[in-house]
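The structure under discussion appears below in the form of structure tokens.
Every number in this text was worked out from the coordinates using simple rules, so none of it is lab data. As the structure is a computational prediction, the values presented were derived from the model and not from experiment. No Cβ is skipped: glycine too gets one built from the backbone with ideal geometry, and neighbour counts run over all protein chains shown.
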Amino acid sequence: MKMSTHFPTCEICAPLQGRVYSISGKDKRFPSIQIVWRNGYRNVHPNCRHVFTPYIESLRTDDEIEAEIIKANQPFVDPRPEVERTLYNKQQAANRRMRQDRYQFERYKARLGEDAPKTFSAFRRMKKADGASWKKLQGRYRQAGQKKIFAAQGETGLQGKDVAKSAKVDIMTIQSPPIERGSNKGRPSAISVLGADINNRQKQLIGALPEFDSRVVIPKSDISLKDMSALTAYTGDEFAVFTKGSERLVIRGNKFSVNIDTKQATKLAQEGWKWSGHTHPGLDSISLEASDGDYRIAECFPQRTFAIYNSKGDFRLFFKG
């Protein structure tokens, strides 16, 4: 079989593309297809654009076959020039922005109904302009969320003064156990869909992580990945969690990524940290898919299994090769 070639492509596919592979692994002129399918997929990685087509020797000349053999046995190194790497990274960043805007549009439609922009393109134009119309839409979204959460509380018997009383809770330390178990506070799905608030413990955590690339180390027993999911629902940002013994390192990202590259990840791994998981903003199954960057970071850590949580509290495991 022969793997297709694309421009630009990622650092995983770049060393592999354009080669002929042996399906059985018995034809020693060509590398085994298992080099490409080592992750268990019938492709290089999730969301990969590459395809594999039959390579029929009887339709090739001897010179063409010899050229394919030479190419197939070249070192498996990333041959991309800097211009291709830069272009690929720009495309991926644009794709991430598109996905996050799509997730946000779906949330606005679910909450605002007919008051939401009619099309995704209209929503993106309004958001990009960042003018009065966008500010007004954001205000309606927040207001609708507050109405829904109070309606949900009223259905459980909380009305009038009781609702106000339920919102008054004592300030806790992060080390304290969660409270308000009978309410929607702190629950990722209620935060993302109903506009519920985070709980006090999560508020203290977000207070320690006020901006992009904020980092804090706290006891492992004091937070879970569900807390990170709640913070993602609340802020729209990604969060990454690393664990070492009884401690956890939490890093706040932005709407598209966490500021961790392979160099930093390798250093964390050398210091004994394991990557417990991270979050992706979004409500559907697409938000649970690992990106190319996720796989690159995963390769830096010793464990094989990693978790992704979305804004609703759902999670999915992904595995490195």
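Quick look at the values:
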item	result
Within the range 9-33: backbone nitrogen closer than 20 Å to the residue 84 label point (7 Å, Cα to C-beta)	9-21, 31
Within the chain, percent of DSSP bridges classed antiparallel, to nearest 5	85 percent
Most fluctuating residue given options 255, 135, 26, as computed from a GNM of the chain linking Cα atoms under 10 Å	26
Residue of 17, 138, 104 that the Gaussian network model of the chain assigns the largest fluctuation, springs spanning Cα pairs under 10 Å	138
Net charge, residue 16 excluded, C-beta distance under 13 Å - Lys, Arg +1, Asp, Glu -1	+4
Alpha carbon centroid spacing (whole Å) that separates the range 79-123 from the range 221-246	24 Å
Fewest-first sequence of 222, 115, 130 by Cβ atoms within 10 Å of each Cβ	130, 115, 222
Cα-based equivalent ellipsoid of the range 1-80: semi-axis lengths in Å, sorted from largest, via gyration tensor	20, 14, 12
Most fluctuating residue given options 96, 296, 304, as computed from a GNM of the chain linking Cα atoms under 10 Å	304
Debye-sum result for the range 171-321 in log10 I(q)/I(0), which assumes one identical scatterer on each alpha carbon, at q = 0.09, 0.16 Å⁻¹	-0.25, -0.82
Links that overshoot a 21 Å alpha carbon limit, given the list 135/255; 118/185; 2/71	118/185
Projected-area mean, the chain, by convex hull of Cα positions, square nanometres	21.0 nm²
